[in-house]
Ligand SMILES: NC(=O)c1ccc[n+]([C@@H]2O[C@H](COP(=O)([O-])OP(=O)(O)OC[C@H]3O[C@@H](n4cnc5c(N)ncnc54)[C@H](O)[C@@H]3O)[C@@H](O)[C@H]2O)c1
């Protein structure tokens, strides 16, 4: 129960395959109280059904690009008594920008990917940081190897993840003096709704399973358990880091 007494906001559950759902399950098992948000009304029913399986879990709608919804979310979290943990598991790029040549990405595709997938960590952290005052706050986001390596078809999302990981370091510098830590989990490929948008994703899964030191793909529970460590006091000396949960794939050269 390494998260007993902690309140966590988990942003990015779309369905039972979402990495954020893996995180929510690990957090609940470790004793955290949860508030899960969903992006649109279309996702409400499914996310509420998942939340019902973790007793006491609240749900709220919040599109992170909608300032008014973020303000409402913050007000509700304040009434809840603030939060100790923010999990940002949000990303989006247009399907046409996740295939073919990277050089063809138009400015609109660039803005969409970077605004939704990287800037939203900055804006959301800024919004909730006051709610973490006086607590040992922890902010977590989810990244991918495409931030630092060229991964076929990941394209503009790789640039967005590079911006995300740099933002983790700058936010860690900003918020460290307030006792708030900021880290990322870089997950190996997992079949989710977002992953389905990446061309030839199935090939990526096979490639990683063949070459990773552990010779297998990861699952959402492994991401959730690593996130629980980073959100807990067990990692109190860790900030500004990217922790790979990828069966070791990132260390492999030739
Ligand atoms: N699946 C993978 O292979 C993999 C690997 C490494 C990192 N990640 C990262 O994990 C995170 C979660 O993705 P996932 O794979 O679980 O897929 P997912 O589709 O289940 O989750 C993505 C979430 O982002 C949310 N989202 C997008 N735009 C939003 C907005 N404007 N406001 C609020 N929410 C918004 C979606 O509603 C969805 O819940 C993403 O950052 C993704 O890049 C995924």
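In whole Å, what are the Cα extents of the chain along the three principal axes, biggest one first?
Taking the Cα atoms of the chain, the three principal extents are 48, 38, 38 Å.
I need to check one value: relative contact order of the chain, counting alpha carbon pairs closer than 8 Å and at least 6 residues apart, in percent.
21 percent.
Can you compute the helix-only [θ] at 222 nm over the chain? Use -39500 (n - 2.57) per DSSP H run of at least 4 residues, normalise by all residues, nearest 500 deg cm²/dmol. Present the calculation step by step, with values, prior to reporting the outcome.
On the way: 8 runs with 97 residues, N = 254.
Estimated from H runs of four or more residues: -12000 deg cm²/dmol.
Peptides 68-81, 190-203: what's the order by average Cβ count within 10 Å, highest mean first?
190-203, 68-81
If each of residue 40 and residue 234 carries a label point 7 Å out from its Cα toward its Cβ, how far apart are those two points in nm?
It works out to 3.7 nm between the two label points.
For the range 70-84 and the range 158-199, what is the separation of their Cα centres, given in Å?
Here the two parts' Cα centres lie 22 Å apart.
So, in Å, what gap is there between the alpha-carbon centers of the range 103-157 and the range 12-40?
18 Å
Length gain on complete extension for the stretch residue 102 to residue 196, per 0.36 nm per residue less the alpha carbon to alpha carbon distance?
Net length gain for the segment: 32.0 nm.
Helix 19-29 sits at what angle to the longest principal axis of the chain, using alpha carbons and giving 0 to 90 degrees rounded to 10?
Rounded to the nearest ten degrees, it is 40.
What residues from the range 74-100 fall in the zone where the backbone N is under 13 Å from a label point 7 Å along the Cα-to-C-beta line of residue 115?
Only 92-94 fall inside the zone, counting backbone N under 13 Å.
Angle between the Cα long axis of helix 201-211 and the longest principal axis of the chain, 0 to 90 degrees, nearest 10?
The angle comes out at about 80 degrees.
Taking the Cβ of each residue in 119, 38 as the centre, tally the other Cβ atoms inside 10 Å and list the residues starting with the fewest.
Sorted ascending by nearby Cβ count, the order is 119, 38.
By per-residue mean of other Cβ atoms within 10 Å, what is the highest-first order of 206-215, 175-184? All intermediate terms of the calculation are to be shown ahead of the outcome.
Details: 206-215: 14.1, 175-184: 19.2.
Going from most to least packed, we get 175-184, 206-215.
Using the alpha-carbon atoms, what tilt in degrees (0 to 90, nearest 10) does helix 220-231 show relative to the longest principal axis of the chain?
50 degrees
What is the extension gain from residue 207 to residue 16, computed as 0.36 nm multiplied by their sequence separation minus the C-alpha to C-alpha distance, in nm to one decimal?
Length difference between fully extended and current span is 66.3 nm.
Here, each number is a calculation from the coordinates, and none is a lab measurement. Here the structure is a predicted model, which means the values were calculated and not measured. Quick reminder, even Gly has a Cβ in these numbers, built from the backbone with ideal geometry, and neighbours come from all protein chains shown.
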